[in-house]
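Each remark here refers to the structure printed beneath this line.
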Amino acid sequence: MNVTDIVLLAGHVKGITNIKYYIDPPVVKEPRPMQTNVSPVEFNVTKDTGKVSWRSDEDMQNYSVTFKNGDTSKSFTTSGTSADIPYEMFRGGRLTVTVQPMRIVQTEDGTRAKDYGSCISYVMKIKSAALKGSITVQDVDGKALVKWESAEFASGYRIYDMNRTEKDGMPHLMADTQKTEFTMDFPTDGKEAVIMVVPFNSNGESTGMTAKVIGTASTPVDPKPVDPTPVDPTPVDQVFDAPGFDVHNYYYSDCNSATIYWYAVNGAEGYQVCTTVNKEIYEYFTTDTRITLPNLTQGVKYDVTVRAYKTVNGSKVYGKSSTLNPITDAEKRAKVNTPIYYSTDLSSSQIYQLSAGNVIIQTDLPENGWTRVFVPNSNGMQRGYIPSDRLADYAFNDITIINQDGWLGGDPAVLGCEETSLASVLKYRYDIDVSKNTLLNYYMPEQAFSNGTINVDPNYCFWGSPYHMEGSVGYGVYAPVVAQSAHQYLKYIGRRDEFTIKLNTDYYTGENVNRLKFDPSKLDLGNTVIGGGLDFNGLKAEIDKGGLPIVWYSEVDTYPVCTQVITAGGLLTNPGTGTYNFTWYGRQHTVVLLGYDDMTRQFIIGNVENFTTGSYFGPKENVGYDFFMSTYNTLGRQSVTIYKH
């Protein structure tokens, strides 16, 4: 056994089972050389990461691991697939690690040699730690000496003047230094300067800390009398400078919300935040220096403006505004097997392999045929790129679905799909503890059949009973009554003002198979937003906002069940005189629309019908776009969607 064998055996600790690889190594025609020119993959770490890991190579028995930063390096051999990160070796927030798989082989003439596998190299990046402790200010020879504690992993410190704002909305940068102190002039005439010290390294800035530097007031002197000079008042739109957005955290976003951060404006009482969401302008007021914008559409760039205000003579007076453009994340699905690439170049390193059907999170808007995504299992710390044509649009807002046929909340309701869908959304999306039976028994009017006839309109009242079949046929109720149930129940528990209820139906416009319009004034809908039925893209838009539309469709091809002659002008019928016909189409069913998948061209539904009393919950199922839209259109494109403000 030669020196090479001894080195490898020293690193291989799996026991006698694997010693055969050294006693009788595999034969190869030509050993592969060590790779020396490997494009590194960037990877974000924190102090909690602890270890760096790599995939095992089945043909290899050991891995040569080298951590390197400038002239400093640390190397060792291991048979494992991970190694502790030597945090003390980070310089400028970066540390390179190279992992070279290797084994002992012998050539056809019996010569032993090292054989190397595919090498991988990581550049681990770590942000500077936040500034801790306190900032002190001392008077040294008439100058203000500002000192602070060092921050781990910081390359230096930037000192910002918080009283001055640049054109881009950022605070004025006074200086940067590698020291933990900074000397500046005291402000004059007792004025107060606010500075912020921000640690940084090559990966950006970390959380800083502010301090006040207060000057000494000058001794007043008697002024000579002069005639006063008139001064124009400050225009109302320039009372304050524009707020500066946080130098470290401009915003955080997920698929359906974004949290915006900005610096406080001296003298402001609060802030006005405006944005346009789905063509509607939303205005918020806050006294905080952050705000979370809800119900945003996934994969969209927004314009958000922030400006300070104060109250003058009972009215708000505003300052200049600053604008930020947060981008929401978006779910995508891989249409084919594809790598995630290190950069927008097919020849760049492949840092992860996706299989067809895998769901991935898009983090920026697609550009030049490429989509930037989060690498799976990286906790959002690593990003890569995929050609956009390999991805399909996808969204899935998963919640638990109640089984209408089960005993959860009370008696099974064989025809109670409408209110069971509403209970599922209220209970499992918004944590409102309401049962299907509470909504069925107290918030839904119903009317029994008499000799096969009924004289109420399903836009105002349930046809039959949700607890038993009407002969061999099942009936139900339409969307306006479910919207009324949502409004009345939320009002009863004192939470109506927290929610927006959207009712969409072609029975509002009259563009339906019965050519009828319902009258919203005959129902208790409060400020429910009412409109015509949503088309295919409209349904997907609600899902993209994180919405869970309660929708009416059929599990089989729709067919006319019966036509009832209804007397107008009744309590539960359309206004007017005389009679009108209403044709019921079956087999009408109501479900929760959870998502969509453009790769398979299917909607994902939460089906409240389980056909068994032995389960509390309903299944998640897929329904083809074409079939769903056909039956949904026949039933009047009905939906009820609830959003929390």
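A short reminder: the numbers here are calculations on the coordinates, not readings from a lab. Fair warning: this is a prediction, and the values are worked out from it, not measured in the lab. Neighbour counts run over all protein chains shown; Cβ positions are idealised from the backbone, glycine included.
Tabulated data
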| item | result |
| --- | --- |
| Region 30-129, Rg to Rh (Cα coordinates; Rh as Kirkwood inverse mean 1/r) | 1.03 |
| Point-to-point label distance, I214-T400, nm (Cα→Cβ direction, 7 Å offset) | 5.6 nm |
| Lys, Arg +1 and Asp, Glu -1 on Cβ, resulting dipole of region 41-177 about Cα centre, debye, nearest 20 | 240 debye |
| Inter-label distance, nm, simple model (7 Å from Cα along the C-beta direction), E555/L145 | 8.1 nm |
| Top positive-direction residue, dipole computed over the chain with Cβ charges, set W407, Y261, T276 | Y261 |
| Simple label model, 7 Å out from Cα along Cβ direction - R515 to Y252, nm | 5.7 nm |
| Antiparallel bridges, percent of DSSP beta bridges restricted to the chain (to nearest 5) | 95 percent |
| Interchain or long-range residues, amide H under 5 Å from N574's placed H | G569 |
| Percent RCO, i.e. relative contact order, over region 307-465, from Cα pairs under 8 Å lying at least 6 residues apart | 14 percent |
| Residue-wise HN-Hα coupling along region 104-112, computed from phi with Karplus coefficients 6.51, -1.76, 1.60 (Hz; x: Gly, Pro) | 8, 10, 10, 7, 4, 8, x, 6, 7 |
| Span from the region 86-162 Cα centroid across to the region 535-572 one, whole angstrom | 59 Å |
| Label zone at N455, where the point sits 7 Å out along the Cα-to-Cβ direction: region 464-484 residues whose backbone N lies under 19 Å | 464-465 |
| Net charge, P412 excluded, C-beta distance under 14 Å - Lys, Arg +1, Asp, Glu -1 | -3 |
| Exposure proxy ranking, count of Cβ atoms within 10 Å, fewest first, for M629, M102 | M629, M102 |
| Antiparallel DSSP beta bridges within region 392-539, as percent of all bridges there, nearest 5 | 40 percent |
| Helical contribution to [θ] at 222 nm, DSSP H n ≥ 4, -39,500 (n - 2.57), averaged over the chain, rounded to 500 | -3000 deg cm²/dmol |
| Gap separating the Cα centres of region 402-445 and region 452-509, nearest whole Å | 12 Å |
| Size descriptor, Kirkwood hydrodynamic radius, that averages inverse alpha-carbon separations across the chain, Å | 30.6 Å |
| For the chain, size of Cβ-based charge dipole, Lys and Arg +1, Asp and Glu -1, in debye | 760 debye |
| Relative contact order computed over the chain (Cα-Cα under 8 Å; 6+ residues apart), in percent | 9 percent |
| Net charge of Cβ neighbours under 14 Å - reference D524; Lys, Arg +1; Asp, Glu -1 | +2 |
| Degrees, to the nearest 10: 417-428 long Cα axis against longest axis of the chain | 30 degrees |
| Per residue Cα convex hull volume in Å³ - calculated over region 330-396 | 78 Å³ |
| Cα-centre dipole for region 346-421 with unit charges at Cβ (Lys and Arg positive, Asp and Glu negative), debye to 20 | 600 debye |
| ³J(HN,Hα), Karplus 6.51/-1.76/1.60, whole Hz, each residue of region 564-569, x for Gly, Pro | 9, 9, 10, 7, 6, x |
| Degrees, to the nearest 10: 625-634 long Cα axis against longest axis of the chain | 30 degrees |
| Residues in region 305-340 reached by a label modelled at S118 [backbone nitrogen below 15 Å; 7 Å Cα→Cβ] | 338-340 |
| For V277, residues with placed amide H under 5 Å, excluding near neighbours | Y282 |
| Karplus-derived 3J(HN,Hα), 6.51/-1.76/1.60, for each residue of region 373-389, Hz, glycine and proline x | 9, 7, 6, x, 6, 9, 6, x, 8, 10, 10, x, 10, 9, x, 4, 6 |
| Residue (of G570, G547, S485) at the positive-pole extreme of the chain, dipole from beta-carbon charges | G547 |
| 5 angstrom amide H check on I340, placed H, neighbours 5+ away | I351, Y352, Q353, L354 |
| Given charges at Cβ of Lys, Arg, Asp, Glu: the chain dipole, positive-most of T323, T72, S118 | T72 |
